[in-house]
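Presented below is the structure to which this report refers.
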Amino acid sequence: MTTVNYFVGVTKISSPQDAILKFSELGTDKPVWFLLERYSGYQVDELSKLPSDWARDLISLTVCTEKWEVRVEKEDPTAQDLTMRVIADEVSDANCEGRCRDFSYLTNYTKAIPQLQEQKLSKLLYREYFTDDPSSGMPLLKHSRLCGFAKE
């Protein structure tokens, strides 16, 4: 595992536009992916295809690149405010240190998100961040994030 400095932040936002501004602020390293979870279903694609009404019936929206993830959620279906969590590597205001491990999960046998199969995106890229437990020395999972999707 590699030791990295990274940023984690959680804030309340009152407008979906605040999240869009955050995506732009973090950068548009290609590709930028989104995973939109609504009560009516899922949608996965590149950010340019994010529906303009994405906040309607929102469960969660995850937008990510290889270097960062922004996750926007409602705490309950009737809430007006949204909670936004950011995890980003290679930023100047890093506030965490830990070791990271990258995974590549195969998705081609799942039927949970048909868009992945349609686009032939058979891998889900994922990163986990660990710190050591001071009493036992065992690694403890502190944070995790989606890094994107890839073709096999």
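In the set (1) open to solvent by 70 Å² or more (accessible area, probe 1.4 Å); (2) under 23 Å from Phe23 (Cα atoms), the condition left unmet by Gln117 is number (2).
Taking region 1-45 as the range and being of a type in the set (D, E, K, R) and touching a Phe, Trp or Tyr at 6+ places or on another chain (Cβ under 9 Å) as the test, the residues that pass are Asp29, Arg38, Asp45. Within region 2-55, the set of residues being closer than 15 Å to Val86 by Cβ, of a type in the set (Lys, Arg) and surrounded by fewer than 14 Cβ atoms within 10 Å (Cβ to Cβ) comprises just one member, Lys12.
Just the residues that are touching a residue at least 12 places away in the same chain (Cβ under 8 Å) and either under 15 Å from Cys100 (Cα atoms) or assigned to a strand (DSSP E or B) (or both), please, taken from region 133-152.
Once the filter is applied, which keeps residues that are touching a residue at least 12 places away in the same chain (Cβ under 8 Å) and either under 15 Å from Cys100 (Cα atoms) or assigned to a strand (DSSP E or B) (or both), region 133-152 yields Pro139, Leu141, Lys142, His143, Ser144, Arg145, Leu146, Cys147, Gly148, Phe149, Ala150.
Results for (1) within 24 Å of Ser144 (Cβ to Cβ); (2) open to solvent by less than 30 Å² (accessible area, probe 1.4 Å), shown as yes or no for each residue.
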{"position": "Asp57", "(1), (2)": "no, no"}
{"position": "Lys67", "(1), (2)": "yes, no"}
{"position": "Thr78", "(1), (2)": "no, no"}
{"position": "Arg85", "(1), (2)": "yes, no"}
{"position": "Ala88", "(1), (2)": "yes, yes"}
{"position": "Val91", "(1), (2)": "yes, no"}
{"position": "Ala94", "(1), (2)": "yes, no"}
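One line per residue, one yes/no per condition, for (1) aromatic (Phe, Trp, Tyr); (2) under 17 Å from the mean Cα position of the chain (by Cα); (3) farther than 14 Å from Glu37 by Cα; (4) at pLDDT 90 or above:
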{"site": "Arg56", "(1), (2), (3), (4)": "no, no, no, no"}
{"site": "Val91", "(1), (2), (3), (4)": "no, yes, yes, no"}
{"site": "Cys100", "(1), (2), (3), (4)": "no, yes, yes, yes"}
{"site": "Tyr129", "(1), (2), (3), (4)": "yes, yes, yes, yes"}
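Of the set (1) under 24 Å from Gly27 (Cβ atoms); (2) open to solvent by 40 Å² or more (accessible area, probe 1.4 Å); (3) not assigned by the TED database to the domain that holds Tyr6, all apply to Glu128 but (2).
Here Gln117 meets each of (1) without any contact (Cβ under 8 Å) to a residue 40 or more places away in the chain; (2) in the same structural domain as Gly9 (by the TED database) with one exception, condition (2).
Across region 114-127, which residue is modelled with the lowest pLDDT among those that are over 13 Å from Arg101 (Cβ atoms) and touching a Phe, Trp or Tyr at 6+ places or on another chain (Cβ under 7 Å)? Only one residue fits best here, namely Leu116.
The values are calculated or read from the model by the stated rules, or taken from the named source; none is laboratory data. Bear in mind the structure is a predicted one, so any value in this text is a computation, not a measurement. FYI the Cβ positions are ideal-geometry reconstructions off the backbone, even for glycines, and counts take in every protein chain you see. Note: areas computed on protein heavy atoms with side chains; ligands, DNA, RNA excluded. Shrake-Rupley method; radii C 1.70, N 1.55, O 1.52, S 1.80 Å.
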